[in-house]
Structures are given as structure tokens and as C-alpha cells.
Ligand SMILES: CC(C)(COP(=O)(O)OP(=O)(O)OC[C@H]1O[C@@H](n2cnc3c(N)ncnc32)[C@H](O)[C@@H]1OP(=O)(O)O)[C@@H](O)C(=O)NCCC(=O)NCCS
């Protein structure tokens, strides 16, 4: 299925995901992350917020993805305030394609999608030892808001990282 791209990194295209990508996204999720989800969860998030579900593609192969959920609840940044938030639920780049700014481009594009969905902040959970991801998020002004003790099934802690997306103008 031909689809317009939103960004390009050399031969790599970043574009909105579609239903035909879901099987490949699930395979990439299984290959790259210990947190997995049901097929219907991927489809649900794609239907709910297509603006914040993106893939990176090279030679018709999905080599990266980011999947987010739009939520309403207490702000991670301003206590006792309700806000509309973009939650980065799952995000990965295939090993052979890392360190070429594909990951950063996917996050930035998802932030643009969150803005279009009227979110005022973005947040995510990341394993405390995942330095590549933590550095990436910090490089685009996410800050560590709190530590979530034993957040993961294996007992590891997570860092909750957040960003005020009204403050900065994301540009690709
Ligand atoms: C995290 C991940 C998505 C990064 O993707 P990527 O395409 O390699 O990232 P980028 O090339 O866009 O890197 C952007 C920034 O992230 C940081 N970074 C990326 N890889 C890094 C590494 N191995 N070590 C330290 N910092 C790293 C750097 O700050 C980098 O900026 P710089 O190149 O200007 O120094 C990738 O490593 C991955 O898929 N990991 C497994 C899945 C995962 O951990 N997902 C995140 C779950 S919260």
C-alpha cells in the first residue's frame, strides 16, 4: 500500500502506520523489546490515534515503529492538574538501523502527532538501565519525573520521563 511519507532519512521513510503494517510491527516488537501486547491492542491504538503511530521503512521493510496512546489524567509535570497526555507505549528500531537518527525522528514525529491531538505533555516509562533510550529522550528535552519501583514483570525499576510539548516547537 503506497502512503505519503512525513519524513526521510536517506533511503529510510518515516510515515504513518496502517493496518497492513501491524504484523510486521508485532514481529519487530517481539524481536526488540521484552514487553509484548495482544494483536488487538496494536490495532486499537492504531484506530484510536493514527497520528501518533508511525513506522520507519527501508526497502519495503518495517525497520522501526512508535506507538502511542492519548490519555487524560493527572499531569506528570504539574501536580494536581489534569491534562491531555500522549503516552509512548512502545518504540523500537531494528538493530542494524540504529544510530542513524531513525529513533529520534520517530519520537519527534509522534510529538507532532500528539500536538495535533491537543496533548499538552508526553510521557513514557523506560527501564533504568536503557541508556540509549534515556539519552535519546533527554536529547529532546524529556526529564525524569519519578522512579517506578518494580514496574516491570522481572522486577526492574522504570523511570517515568515527561516533556511539556507546549514549550518546544518540534521540527524535523
Ligand atoms: C532506543 C532506540 C529506539 C534508539 O534508536 P536509534 O535509532 O538508534 O536512536 P537515534 O539514532 O535516533 O539516537 C538519538 C540519540 O539517542 C542517544 N542514543 C542512541 N543510541 C545510543 C546508545 N547506544 N548509547 C547512548 N546513547 C544513545 C543519543 O543521545 C543519540 O543522539 P546522538 O546521536 O546525537 O548522540 C533503539 O536503541 C532501540 O530500538 N532499542 C531497543 C528498544 C527500546 O529500548 N525502545 C525504547 C523503550 S523505552
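Global size of region 31-161: 14.5, 47 Å for Rg and Dmax (C-alpha atoms, Rg to one decimal, Dmax whole). Taking the DSSP bridge list for the chain and keeping only pairs wholly inside it, about 90 percent are antiparallel.
The ranking of 59, 24, 141 from fewest to most other beta carbons within 10 Å of each one's beta carbon is 59, 141, 24. Roughly how tilted is helix 39-48, in degrees to the nearest 10 and between 0 and 90, from the longest Cα axis of the chain? Between the helix axis and the principal axis of the chain, the angle is about 80 degrees.
Ranked by how many other Cβ atoms sit within 10 Å of their own Cβ, fewest first, the residues 137, 20 fall in the order 20, 137. Neighbour counts of C-beta atoms inside 10 Å place 41, 142, 74 in the sequence 74, 41, 142, starting with the fewest.
Report summary: the helix-based calculation at 222 nm, which adds -39500 (n - 2.57) for every DSSP H run with n ≥ 4 and divides by the residues of the chain, gives -8000 deg cm²/dmol.
Using only the alpha-carbon atoms, how far is helix 22-32 inclined from the longest principal axis of the chain? Give it as 0 to 90 degrees, nearest 10. Compared with the principal axis, the helix lies near 60 degrees. Any chance you could give the angle, 0 to 90 degrees and rounded to 10, that helix 102-116 forms with the longest Cα principal axis of the chain? Once rounded, the angle reads 70 degrees. Take the chain, connect every pair of alpha-carbon atoms lying under 10 Å apart with a spring to form a Gaussian network, then pick out the residue of 125, 149, 31 with the largest mean-square fluctuation. Top of the fluctuation ranking is 149. For the residues 131, 106, 148, a GNM of the chain with alpha-carbon springs under 10 Å puts the largest fluctuation on 131.
Read the figures in this text as sums done on the coordinates, not as results from a lab. Quick caveat, the model's predicted, so the values are computed rather than measured. FYI the Cβ positions are ideal-geometry reconstructions off the backbone, even for glycines, and counts take in every protein chain you see.
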